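First comes the structure, then the notes that go with it.
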Amino acid sequence: MASVRHISRRPVPFRCRRPAPGCATGGLRRPTTTPQALCERKAGQRRPSIATHRFVVEIFRTARSQARISSDGGNVRVTAGWLASLILAAAIVAPAESIAVAATPTQASTAVTPLATGPQPGTFTGRGFDTCAAPSQTTMNAWRASSPYGAVGIYISGASRSCSQPNLTASWVANQTGNGWRLIPIELGYQAPCGTRTPKMSADPTTARSQGVSAANSAANAAQALGIGTASTIYNDIEQYPSNASCRAAVLSFLSGWTEQLHVRGYLAGMYSSGSSGIKDVCDAYDNSSYTRLDQIWIAWWNGVADTDAGSYCADAYYANQQRLHQYAGEVTETWGGVTMKIDRNYLDVRVTQTPPPQQWTTTIDNSASGGFTASTAWGTSAYSGQRFGTDYRFTSPVSSSDVAWFRSTIPATGSYEISVWYPADAGYNNQTPYLVETTTGSRSVSVNQRVNGGRWVSIGVFTLAAGTGNKVGVSRWTSGTGLMVADAVRITRV
């Protein structure tokens, strides 16, 4: 007699069944217009001076752009403490032998959310699978008893999810972890602005960063509702996209916001993407201090090899401390214990840091921060440049007097702090903008060329700052350089 099989199908999303040569793919896909698009996923009278001209132009730009100022909010961002509630995780390795597990009855809902056993996926080395919808309890029991898999990916949040999740409840989560499964929580929401999938994150890095914060809060809330506790890793699924400089900046800014906010909420931050786009962009920016580094990466590269190698997409030295997952095959059909499912195959080598890293104090002061910024009326306000931090920035022309625009902060303790500055870049801006840092031994001046490297954090060095509240970093107008100078945002981080 033929056995009864349960097939969990994905009615709408689908993937390329066979990637084109060299195509790193994986992850859910909605229909696109061509098959190839699917596989590409995975100035008698004196003439006015140049500075005066630029000053007038900037004022004009500002007036013209007022109608399109976006509300970014969060003028002062403080991240104090990192994974304060980190839980120690026991090392778990995929079982060498399958163990039969009896079906667990569905628990009645109560006012108390059942809790998963330990951080997810926690510390785990072995095989896992993911599928569009969380499988039934019967299916999970059958596969636990006979399959080589010890982890399962679940889509817990995100507006880009394509499958309903009737089985995904706090009781389901508790049942699976109680039976020995490790869970891989996934957020499938904002996608790259240059990609085809929706909803798309903003192409403006500042807005994208705030969207990353929102996504982190949504995912953390969903995890908590399911009983998936702190110290777990949540993976942001950003599907394949045709990477370019502007798109890359948006994605990396989004992931910075995602990572920072998940840390505030007590979770680790991961990202799933194709090797050829998201993974390559993240790894290429591994040592870039303008962005916040992820905790783990999930590489979609269908090469059929069950390991955590990323080939040319990510150097072996990056994310090397048990910080990788590899989706090595996709859209395969397997039967275990008489139950059939269509899945993606994964290999995990991950762990929860057993000793929390030192708490890192950091604060960001925007020019619009109440009580955090002061400047004379000579400093104009503009929102013209898309490279700005927050809703606007301040600008002025150089003069032979200081007239400093000050960023004010409260330093928790005397010590070493890295100062990073953010400004929009423009060919008409100053090539020698003097930043002043108030240190324990006096004022230090650092010259910054604001014609280049705009729209990102630029480190100007590490300084010894005194504890207490006061003007800590300023932008002076006294310079031998030419062009307008800008005061936008400052970040102070204890090191």
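Could you list, in sequence order, the residues of the range 376-385 that are out of contact with any helix residue (DSSP H, G or I) (no Cβ under 8 Å at 6 or more places or on another chain) and either surrounded by fewer than 17 Cβ atoms within 10 Å (Cβ to Cβ) or modelled with pLDDT under 95 (or both)?
Those that are out of contact with any helix residue (DSSP H, G or I) (no Cβ under 8 Å at 6 or more places or on another chain) and either surrounded by fewer than 17 Cβ atoms within 10 Å (Cβ to Cβ) or modelled with pLDDT under 95 (or both): 376, 377, 378, 385.
The residues of the range 448-488 that are in a strand (DSSP E or B), closer than 18 Å to residue 422 by Cβ and either among the aromatic types (Phe, Trp, Tyr) or modelled with pLDDT under 95 (or both), listed by number, are 458, 459, 460, 461, 462, 463.
Pick out the one residue from 407, 395, 373 that is touching a helix residue (DSSP H, G or I) at 6+ places or on another chain (Cβ under 8 Å), surrounded by 22 or more Cβ atoms within 10 Å (Cβ to Cβ) and under 20 Å from residue 471 (Cα atoms). Quick ask: steps written out before the conclusion?
Working: 407 fails: touching a helix residue (DSSP H, G or I) at 6+ places or on another chain (Cβ under 8 Å); 373 fails: touching a helix residue (DSSP H, G or I) at 6+ places or on another chain (Cβ under 8 Å).
Criteria check complete, one pass: 395.
Just to verify a result, which residue in the range 272-301, among those that are assigned to a helix (DSSP H, G or I) and in contact with a helix residue (DSSP H, G or I) (Cβ under 6 Å, 6 or more places away or on another chain), is surrounded by the fewest Cβ atoms within 10 Å (Cβ to Cβ)?
280
Condition (residue is hydroxyl-bearing (Ser, Thr, Tyr), crowded, with 20+ Cβ neighbours inside 10 Å and under 18 Å from residue 289 (Cα atoms)) applied to the range 421-437: is it met by at least one residue? Checked against the condition, which is being hydroxyl-bearing (Ser, Thr, Tyr), crowded, with 20+ Cβ neighbours inside 10 Å and under 18 Å from residue 289 (Cα atoms), the range 421-437 yields at least one hit. Comparison of 212, 229, 257, 266 shows that the only residue that is touching a helix residue (DSSP H, G or I) at 6+ places or on another chain (Cβ under 9 Å), on the phi > 0 side of the Ramachandran plot and of a type in the set (Gly, Ala, Ser) is 266.
Here residue 226 fulfils each of the conditions (1) over 26 Å from residue 130 (Cα atoms); (2) surrounded by 24 or more Cβ atoms within 10 Å (Cβ to Cβ) apart from (1).
Residues considered: 454, 390. Of these, the only one that is within 27 Å of the chain's Cα centre (by Cα) and within 18 Å of residue 481 (Cα to Cα) is 454.
Residue pairs whose Cβ atoms lie under 6 Å apart, sitting 6 or more positions apart in sequence or on different chains, and linking a residue in the range 461-489 that is within 14 Å of residue 433 (Cβ to Cβ) to a partner that is modelled with pLDDT of 95 or more and of a type in the set (Lys, Arg), are 487/394. Filter the range 304-348 down to residues that are outside any strand (DSSP E or B) and under 23 Å from the mean Cα position of the chain (by Cα), then give me how many there are. Result for the range 304-348: 15.
Condition test on residue 351, is it buried (at least 17 other Cβ atoms within 10 Å of the Cβ), among the charged types (D, E, K, R), at pLDDT below 95 and more than 30 Å from residue 412 (Cβ to Cβ)? When the stated conditions are applied, residue 351 passes them.
Residue 233 fulfils the conditions (1) among the polar types (S, T, N, Q); (2) buried (at least 23 other Cβ atoms within 10 Å of the Cβ); (3) over 23 Å from residue 279 (Cβ atoms) except for a single criterion, (3). Go through the residues of the range 193-205 one by one and say whether even a single one is in contact with a strand residue (DSSP E or B) (Cβ under 9 Å, 6 or more places away or on another chain), over 26 Å from residue 334 (Cα atoms) and either among the β-branched types (Val, Ile, Thr) or surrounded by 24 or more Cβ atoms within 10 Å (Cβ to Cβ) (or both). So far as the range 193-205 goes, yes, one or more of its residues are in contact with a strand residue (DSSP E or B) (Cβ under 9 Å, 6 or more places away or on another chain), over 26 Å from residue 334 (Cα atoms) and either among the β-branched types (Val, Ile, Thr) or surrounded by 24 or more Cβ atoms within 10 Å (Cβ to Cβ) (or both). Picking from residues in the range 376-386 that are in a loop (DSSP other than H, G, I, E, B) and not β-branched (Val, Ile, Thr), the one that is farthest from residue 428 (Cα to Cα) is 376. Only one entry in 490, 448 is among the β-branched types (Val, Ile, Thr) and either farther than 16 Å from residue 366 by Cβ or loosely packed, with under 15 Cβ neighbours inside 10 Å (or both), namely 448. State whether one or more residues within the range 174-191 are over 30 Å from residue 148 (Cβ atoms), part of a loop (DSSP other than H, G, I, E, B) and at pLDDT 95 or above. Yes, there is a match, as at least one residue in the range 174-191 is over 30 Å from residue 148 (Cβ atoms), part of a loop (DSSP other than H, G, I, E, B) and at pLDDT 95 or above. Here the range 460-476 is the region considered, the condition is being within 21 Å of residue 394 (Cβ to Cβ) and among the small types (Gly, Ala, Ser), and the residue that is surrounded by the most Cβ atoms within 10 Å (Cβ to Cβ) is 474.
The residue list 407, 389 contains one member that is in a strand (DSSP E or B) and hydrophobic (A, V, I, L, M, F, W, C), which is 407.
Assess whether residue 284 counts as being farther than 27 Å from residue 149 by Cβ and at pLDDT 95 or above. Criteria met by residue 284.
Contact annotation: residue pairs with Cβ atoms under 6 Å, 6 or more positions apart or on different chains, pairing a residue in the range 417-445 that is assigned to a strand (DSSP E or B) with a partner that is acidic (Asp, Glu), are 422/488. Filtered by the rule that a residue be more than 13 Å from the chain's Cα centre (by Cα) and polar (S, T, N, Q), the range 263-278 gives 274, 276, 277.
The values are calculated or read from the model by the stated rules, or taken from the named source; none is laboratory data. These figures come from a predicted structure and were not determined experimentally. Every residue, glycine among them, receives a Cβ derived from its backbone with ideal geometry; neighbour counts consider all protein chains shown.
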